[in-house]
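Please treat every number below as a calculation from the coordinates, not as lab data. What you see is a predicted model; the values in this text were computed from it and never measured. All Cβ positions, even for glycine, are placed from backbone atoms using ideal geometry, and neighbour counts span all protein chains on display.
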Amino acid sequence: MHMQDEISLARALREGTAEAHRNAERSHFTREFLRCNVDKRTYISYLTSFQEIYSALEEELEKNSKHLAVQKIHFPRELDRLESIVADLAFLTGSTSTPSTQSTATLAYVSRIRHVSKYQPELLVAHAYVRYLGDLSGGQILSRKIRKALSLPADGQGSHFYSFTHLPSTMKEFKSLYRSRLDEVPEEYHAAIVEEAKLAFELNAKIFDELDALLPSGMEIVGPEPRGKDGSWCQRSAKLIGVSVGLALSVQLAHFEIAMHERNPYSDRPDFGALAEKYQHLRPYIRKNKYGQSTIDFKDPKAVRELTYALLWVDFGLRLEIPLDTLCPPVPNRLDYVLLIQDLLAEDTSRSADAKIRGIDIGTGASCIYPLLACSTNAKWEMVALEIDPRSTAYATSNVERNKLHSRIHVVLNKTEDVLPIPLLDTIWRDRYDFCMCNPPFYSSKNQMHKARTTKRLEPFAVCTGSASEMVTEGGEASFILRMLEESQQPLVRTRVGWFTSLVGRKEDVALITEAIEGTQGASHVVKTLRQAKTVRWVVAWTFVHSVSDNMKPEESGT
């Protein structure tokens, strides 16, 4: 049964729970878990709570396995967690007796599962979605964290909860299958299931609040330094004594340099008046500010677009056509990213000075700004520009051809679900790519994007509306980059790309992503900061084939 996009339950759940999902990721307990700041006692309490929850959920799913909605998403062999949790508790406690919980939040969660099973069994779909897809996604990061925090054995004892050994395919393929089965659930149940999923997140948050109180007051917290000899985030620490998680995150990020790249010519503010003399289409938009300087109205999308056109033409000899309903790229910021890529590649001293550099731009957009800047400033560079939107692909292709760079920039419409579609990239070049770059969609839903635009003042250069494919993705930017990290670990991918890089727009997402990279075997990473006026962005880069040189500052790299 094919469900149209507008009645897709998977999409409705994704968008409907986006805010709750973000709140869960930002909770103090989640942050401490990701920093490996969880002791054995707290983790046993954590597992005991979820033992009760999964016992109820899996019993009620089985009871209702013939229900029209439940049968679509019931995969007991592939997904059931209870047996694994019991095994983990036996290992951690040294006892085969089943511990019970007195947790008020847990008992409330279990009571809700029993209630909906009796009166509205279709709502079990919501609880299964929240629990199992969470375990298949973020749970894989938590698994690595708890093994490190408690020094659990490599054979998985104590962390079987997150191990799915009976999936018929890869985890990614199974998640895709699960979402497609969600879309087969009758539409009449969709609205109630989405509301129930929101409640499931709230019930889960209350459990985390209870567990948070169990964390020892003298717990050690991960900071940017000092770094242990093995580089482990769990073994280097500063004492946490009544410090909020917000402060802890600011400490982690405070050491990143905050300045435009030293080779960026826009470190000094451009003379807009002089620029308009060289690019006449900008002249109608020039005005004087209160200091007598030439400027433009950054709230006027046409003025901002003409400024972008002027900078690209005068400084790089590039002519573009950018629709007003797509992102208008800030040239100084985009150039900074390209310059940072140059720095990463320059660390490879084994590379011949005459060697070609081949890169991938993930989500190139209508402007195709990164490949055009990269190739116009680097004669040896060649790029594949991936785009999922047909209209943006057409504009990007036209912009490349307009600048006679079609022999070095290949614009490709990506119809797959992969962030890095290696078979598609093989149709262009079959050898290794030196880097990939990405400016991921920022928002998790159209509603979140609209709310941000109506409640917060937009930064200059961010005034263009932006299309949905450019601005919105499931789970927001962090989820997109974590998908990219997951794909980068695949055997066919990890050695095909020298550096995996992405722009990041939120401080808290930088911490989440770097923590995930820390838990990825064989990965080294670097974080760099970009600043344009009052806007601060970060570039996170990781690699499986290069080492981070001594030229990189210690607080900006990890292994």
Two-site FRET efficiency, LYS148 against GLU202, from Cβ-Cβ distance with R₀ of 30 Å, rounded to 0.05:
0.50
Per-pair calculated FRET efficiency, R0 = 22 Å: LEU492 and HIS406 via Cβ, rounded to 0.05
0.20
Cα to Cα, under 17 Å, and not fewer than 8 places away if on the same chain: which aspartates and glutamates meet these conditions relative to LYS148?
GLU32, ASP39, ASP88, GLU220, ASP230, GLU515, GLU518
Starting from the Cα of ARG506, step 7 Å along the direction of its Cβ; do the same at ARG41; then give the gap between the two resulting points in nm.
3.3
Quick one: if you stick a label point 7 Å off each Cα along the C-beta vector at SER398 and SER267, how many nm between them?
3.8
Over the range 5-216, what is the relative contact order in percent, taking alpha-carbon pairs closer than 8 angstrom and at least six residues apart?
39
Which distance in nm do the two modelled labels at LYS118 and THR96 give, with both placed 7 Å along the Cα-to-Cβ direction?
3.4
Straight-line reach from LYS175: which aspartates and glutamates have a Cα under 14 Å away, not including same-chain ones fewer than 8 places off?
GLU78, ASP135, ASP183, GLU417, ASP418, GLU474, GLU486, GLU487
Going by average Cβ density within 10 Å per residue, which order do the peptides 432-440, 81-89, 315-323 take, highest to lowest?
432-440, 81-89, 315-323
